[in-house]
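A quick write-up on the structure given underneath.
The values are calculated or read from the model by the stated rules, or taken from the named source; none is laboratory data. Since we're looking at a predicted model, the values are computed, not measured. With ideal geometry, Cβ positions are generated from the backbone for all residues, glycine too; neighbour counts draw on all protein chains shown.
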Amino acid sequence: MLKYTTMTAIALALAAGPALANDTPGEGVTVRPVVGLIAEEYFQSRILFRALEDLGYTVAEPLQTEIQTAHLAVGTGDADFYPIHWGTLHEAFFQESGGDDVLERVGPLVEGLVQGYLIDKATYDTGIHDLSQLADPAVAALFDANGDGTADLAGCVPGWGCERVIEHHLDEYGLRDTVTHNQGAYNALMADAIARHENGEPILYFTWTPYWVSGALVPGTDVEWISVPYTSLPDGVEADTTFNGTNIGFAVDTMYTLARDEFLAANPAAATLLSVARIDINDISAQNLLMSNGEDSSEDIDRHVSEWIAAHQADYDSWLAEARAAAE
């Protein structure tokens, strides 16, 4: 009986060995992510980093840079992947960084991303519902914050991609002479817009979701999305730009992880993880709201990641299981 028990134990140990070894298929491999400079995007990025670490990978300190440069870093091989690639908005960056010859969009990670123009609800209720109405100098003057006679649009930081769409719209809809596209530190622009809204002044701004702004200026309560007269995107790109019945002028988009082909080919576990991971946009908005309420340190974000994983443990574990199976 002892002999049988001993042999059985040995057999079980041998059978378990490969399975246990495969728990960390990324062991010995260092992956090199690149991230943007928007702290509210670190949450979803760090969920992926945590999963890669659970697969045994060493995640290098992320390279931090502007969005356009992040794409170039992956394309040139200075980084392995960028987890915040918007499929339509960043199409030009994708092509400029090597396109299908060296890159792949993996996922989707997050669906239902929107961006566009909003104004304060009080002005919206007077009948200003479409961006093209700002071609009228009298309408544009309503949003004049500095006295120069043009509407002040709190816009998009150069290098993000959205600035190309806004600049295209100013020409396409005949707004170049009546609207000033203010660009700079986005959060500073929005702080000014929020302050003016609190003073009862009209405001005009660009934003996107998920982001904290729509928690501070709530669409339908404080502000409203305004439409564009027709869809027109740079370089003739065609996309669905309708959100809740309004043509918001920007593609309703999807977030992917942008990765180098050679990295994916060499790391089937990581490739599978990045292809099956899913994060609900509402979870990101909720986390961003925590950040806007003061929980914005790196330690806070790491805690939010841990709490999210615990609340979605079954899904998270299924990602890891599929990734491990791919490495067998």
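Observations on the model:
- Flag if residue 320 is in contact with a His (Cβ under 7 Å, 6 or more places away or on another chain), in the same structural domain as residue 270 (by TED's automatic domain parsing) and aliphatic (A, V, I, L, M): no
- Answer from 84, 119, 47 - the residue that is in contact (Cβ under 8 Å) with a residue 24 or more places away in the chain, assigned by TED's automatic domain parsing to the domain that holds residue 162 and not in a loop (DSSP other than H, G, I, E, B): 119
- Residue in region 227-248 that is among the acidic types (Asp, Glu), more than 30 Å from residue 175 (Cα to Cα) and in a loop (DSSP other than H, G, I, E, B) present: no
- Test: residue in region 257-264 that is touching a His at 6+ places or on another chain (Cβ under 6 Å), surrounded by 15 or more Cβ atoms within 10 Å (Cβ to Cβ) and closer than 23 Å to residue 39 by Cα: yes
- A residue that is at pLDDT 95 or above, farther than 24 Å from residue 251 by Cβ and of a type outside the set (A, V, I, L, M, F, W, C) occurs nowhere in region 85-99.
- Wholly within region 256-297, helices (runs of 4 or more DSSP H) carrying at least 2 residues that are among the hydroxyl-bearing types (Ser, Thr, Tyr): 268-276, 281-292
- Hey, residue 225 touching a Leu at 6+ places or on another chain (Cβ under 9 Å) and of a type outside the set (Asp, Glu) or not: yes
- Residue match in region 200-211 (condition: free of Cβ contacts under 8 Å to residues at least 40 places away in the same chain and farther than 15 Å from residue 143 by Cβ): no
- Total residues in region 98-111 satisfying the condition of being in a loop (DSSP other than H, G, I, E, B) and either buried (at least 22 other Cβ atoms within 10 Å of the Cβ) or among the hydrophobic types (A, V, I, L, M, F, W, C) (or both): the figure is 1.
- Checked across region 208-225, the condition of being surrounded by fewer than 20 Cβ atoms within 10 Å (Cβ to Cβ), over 30 Å from residue 280 (Cα atoms) and among the acidic types (Asp, Glu) holds for no residue.
- Scanning region 112-129 for residues that are of a type in the set (Asp, Glu) and surrounded by 17 or more Cβ atoms within 10 Å (Cβ to Cβ) turns up just one, 120.
- Residues satisfying the stated conditions in region 187-199, i.e. more than 17 Å from residue 285 (Cβ to Cβ) and either without any contact (Cβ under 8 Å) to a residue 24 or more places away in the chain or part of a strand (DSSP E or B) (or both): 188, 191, 194, 195, 198, 199
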